[in-house]
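First comes the structure, then the notes that go with it.
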Amino acid sequence: MINKIVIANRGEIAIRVMRACREMRIASVAVYSEADKVALFAKYADEAYCIGPPPATASYLNIQKVIEIAKESGADAIHPGYGFLAENPKFARACEEEGIKFIGPSSRVLELMGDKVAARREMGKAGLPAVPGTDECVVGFDQARDIANKIGYPVIIKPSGGGGGIGMTIVANEGELAKALESTQAIATTTFGLCDVYIEKYLSNPRHIEFQLLGDSKGNTIHLGERECSIQRRHQKLIEEAPSAAVTPAMRAKMGKLAAKAARFVGYEGAGTMEFLVSDGRFHFLEVNARIQVEHPVTEMVTGVDIVKEQMRIASGLPLSINQEGIRMNGSAIECRINAEDPLNDFIPTPGKIKNYHPPGGTGVRVESGVYTSYTIPPFYDPMISKLIVWGRDRNEAIARMRGALFEYIIVGIKTNIPFHKAVMENPRFVKGELGTHFIDKETTLLDDMKRIMEREKSLEEKLSYLFGEKGKIAAMAAVAAITQMRGYIHPKQ
Ligand code: MV4
């Protein structure tokens with residue numbers, strides 16, 4: 001069994017991993033940048049080491065430094081969290097060479113899954129249906145034209161080294177093809193250092209559905225059902241849920257079985273996700289995310305499986321603590337990503353000082369965060385403040401709980417996207433479960449709905465200011481707003 005791990009990450013996911021460590025009697029070591037000296041995760045760990053200046057390239061992405069701390073502290077494993085070094089095959093290989101267990105798949109598998117064309121081909125061999133498209137990189141225009149003619153327009157050109165949407169170009173007809181091919185290749189080269197691109201049939205407004213997988217070192221691979229991640233903006237997911245309203249038990253069993261089999265086919269070890277697009281009841285493999293994901297808690301809520309603890313077991317050479325027959329979906333879970341951003345100003349990041357912080361609670365409510373009252377969110381990293389996750393016996397109960405929890409959530413001092421989430425929870429299409437990747441663009445009333453909600457809250461803030469003055473207002477909001485602001489208007493639409 002692993003005795004001590006370095007968590008090569010920051011914020012809420014570092015704390016999430018450390019909590020699992022405490023439960024398993026594993027010692028935790030934080031590495032933090034100069035900007036994160038007072039961050040909660042650096043205090044929460046059993047030991048903490050500063051690894052460099054604020055920019056991630058000088059700290060969280062410094063492979064040598066992280067490995068040096070692992071050796072110095074006597075850790076036997078490294079958990080990379082998500083982002084930063086999580087899917088970096090060079091980092092995994094450096095760990096392998098130093099005899100430190102990388103908590104995740106082997107460098108070989110990371111390399112294979114990082115090459116999206118290779119992953120498509122490999123998963124196709126394993127029996128997963130992909131979107132119609134190429135099994136090889138597209139080099140020249142003539143080749144691109146032939147493929148596009150064969151699969152039919154619209155098509156989408158994607159960088160093979162990418163994933164997550166960066167650099168993808170939609171092509172409506174042959175006239176646009178040459179320019180699109182060139183620009184995608186240019187982005188592929190500058191962003192991923194690899195000019196390889198591939199072409200797929202473009203599906204309009206599909207659902208983005210992903211399967212959670214676990215594979216151990218004995219060759220057992222299982223799935224924990226799916227997550228619906230359609231609600232995203234500029235390739236940033238904002239709301240995720242489990243299960244998906246669009247997946248029937250038969251479809252879940254079929255897709256899950258295929259996904260788990262494909263993971264086994266490549267020798268996948270650890271926690272991972274297979275992404276699919278679902279359109280007209282048909283599913284198409286997209287790519288593999290070879291890491292723990294931000295949205296893993298919704299799966300934990302409906303299956304009861306602690307995915308991070310399974311990661312630690314797997315890395316220790318132990319078998320999974322559960323088998324496929326033991327996995328049951330119970331109820332419904334939703335996650336809202338609470339970001340420091342201004343929803344009225346094109347969602348630009350709003351780092352700064354949190355003057356007062358009052359997270360929600362109650363039955364079925366879970367908050368994953370790394371902030372506290374008087375903490376200043378640094379401007380160097382992603383602007384996520386926390387994840388608010390709720391569980392209900394069914395989707396409607398989960399939505400009702402999310403509404404309540406969002407209205408209880410008090411963050412004073414910086415603008416957040418909480419009003420946006422409140423508007424989505426009241427949206428008739430969302431409530432019906434009618435989702436697609438273009439949900440936010442298509443719901444043209446969402447911003448106005450949000451403004452109305454913010455107006456009502458402003459009048460409360462003004463009242464509190466008048467009664468208590470500015471300093472007192474902040475305290476008063478944390479103390480009473482949770483109850484006061486909900487009076488009369490949280491349930492008018494139902
Ligand atoms: C697609 C697609 C439609 N058809 N692939 C975006 C995230 C990445 N993991 C895959 N993405 C997409 N892949 C096919 N064959 C639509 C998306 C997509 C998208 C693409 C370009 C611009 C914005 C988008 C928003 C959501 C989904």
Worksheet entry | Condition met for Leu406 (touching a His at 6+ places or on another chain (Cβ under 6 Å) and either open to solvent by less than 10 Å² (accessible area, probe 1.4 Å) or over 24 Å from Glu470 (Cβ atoms) (or both)) | yes
Worksheet, complete the sentence: Note: among Ile292, Ile209, just one is of a type in the set (A, V, I, L, M), in a loop (DSSP other than H, G, I, E, B) and either at positive phi or surrounded by 22 or more Cβ atoms within 10 Å (Cβ to Cβ) (or both), namely Ile292
Worksheet entry | Residues satisfying the stated conditions in the range 307-328, i.e. surrounded by fewer than 16 Cβ atoms within 10 Å (Cβ to Cβ) and assigned to a loop (DSSP other than H, G, I, E, B) | Gly317, Leu318, Pro319, Ser321, Asn323, Arg328
Worksheet, complete the sentence: By residue number, the members of the range 149-172 that are surrounded by fewer than 20 Cβ atoms within 10 Å (Cβ to Cβ) and within 16 Å of the ligand (Cβ to nearest atom) are Lys150, Ile151, Gly152, Tyr153, Pro154, Ile156, Gly164, Gly165, Ile166, Met168, Ile170, Ala172
Fill in: Failed item in (1) polar (S, T, N, Q); (2) over 16 Å from Glu368 (Cα atoms); (3) buried (at least 21 other Cβ atoms within 10 Å of the Cβ), with Asn9 passing the rest
(2)
Worksheet item: For the subset of the range 344-368 comprising residues that are of a type in the set (Lys, Arg) and either more than 21 Å from the chain's Cα centre (by Cα) or on the phi > 0 side of the Ramachandran plot (or both), which member is surrounded by the most Cβ atoms within 10 Å (Cβ to Cβ)?
Response: Lys355
Worksheet item: Looking at (1) of a type outside the set (S, T, N, Q); (2) open to solvent by less than 30 Å² (accessible area, probe 1.4 Å); (3) not in a helix (DSSP H, G or I), which is the only condition Leu177 fails?
Response: (3)
Worksheet item: Before we move on, is Leu277 hydrophobic (A, V, I, L, M, F, W, C), open to solvent by less than 20 Å² (accessible area, probe 1.4 Å) and touching a residue at least 12 places away in the same chain (Cβ under 8 Å)?
Response: no
Discussion item. Step by step: first the residues of the range 240-274, then only those that are free of Cβ contacts under 8 Å to residues at least 12 places away in the same chain and of a type outside the set (A, V, I, L, M, F, W, C), then the one that is farthest from Gln324 (Cα to Cα). Which residue is that?
Written reply: Thr248
Worksheet item: Would the range 215-232 turn up any residue that is farther than 22 Å from Asp382 by Cα, at pLDDT 95 or above and hydroxyl-bearing (Ser, Thr, Tyr)?
Response: yes
Worksheet entry | Unmet criterion (only one of (1) in contact (Cβ under 8 Å) with a residue 60 or more places away in the chain; (2) within 20 Å of Lys4 (Cβ to Cβ)) for Arg22 | (1)
Worksheet item: Within the group Asp196, Asp146, Asp216, which residue is away from the ligand (no atom under 14 Å from the Cβ), touching a residue at least 60 places away in the same chain (Cβ under 8 Å) and open to solvent by 30 Å² or more (accessible area, probe 1.4 Å)?
Response: Asp196
Worksheet item: Consider Phe84 against the criteria (1) open to solvent by 30 Å² or more (accessible area, probe 1.4 Å); (2) under 15 Å from Arg10 (Cβ atoms); (3) free of Cβ contacts under 8 Å to residues at least 40 places away in the same chain: it satisfies all of them except one. Which criterion is unmet?
Response: (3)
Practice prompt. Return yes when Glu68 is of a type outside the set (A, V, I, L, M, F, W, C), touching a strand residue (DSSP E or B) at 6+ places or on another chain (Cβ under 8 Å), closer than 25 Å to Asn3 by Cα and modelled with pLDDT of 95 or more and no when it is not.
Written response: no
Worksheet item: Looking at the range 281-292, which of the residues that are more than 27 Å from Ser321 (Cα to Cα) and touching a Leu at 6+ places or on another chain (Cβ under 9 Å) is nearest to the ligand (Cβ to nearest atom)?
Response: Leu286
Discussion item. Taking the criterion of being acidic (Asp, Glu) and closer than 15 Å to Gly225 by Cα, would at least one residue in the range 318-335 satisfy it?
Written reply: yes
Practice prompt. Take Glu269 and decide whether it is open to solvent by 10 Å² or more (accessible area, probe 1.4 Å) and touching a helix residue (DSSP H, G or I) at 6+ places or on another chain (Cβ under 8 Å).
Written response: yes
Worksheet item: Consider Lys71 against the criteria (1) more than 24 Å from Ser217 (Cβ to Cβ); (2) open to solvent by 40 Å² or more (accessible area, probe 1.4 Å); (3) basic (Lys, Arg): it satisfies all of them except one. Which criterion is unmet?
Response: (1)
Discussion item. Anything in the range 125-143 that is within 14 Å of the ligand (Cβ to nearest atom), farther than 13 Å from Met274 by Cα and small (Gly, Ala, Ser)? List them, or say none.
Written reply: Gly133
Discussion item. Any residue that is crowded, with 20+ Cβ neighbours inside 10 Å and within 16 Å of the ligand (Cβ to nearest atom) - is there at least one of those in the range 242-264?
Written reply: yes
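The values are calculated or read from the model by the stated rules, or taken from the named source; none is laboratory data. No experiment lies behind these values; they were computed from the predicted model shown. All Cβ positions, even for glycine, are placed from backbone atoms using ideal geometry, and neighbour counts span all protein chains on display. Surface accessibility is based on the protein's heavy atoms, side chains included, excluding ligands, DNA and RNA. Shrake-Rupley method; radii C 1.70, N 1.55, O 1.52, S 1.80 Å.
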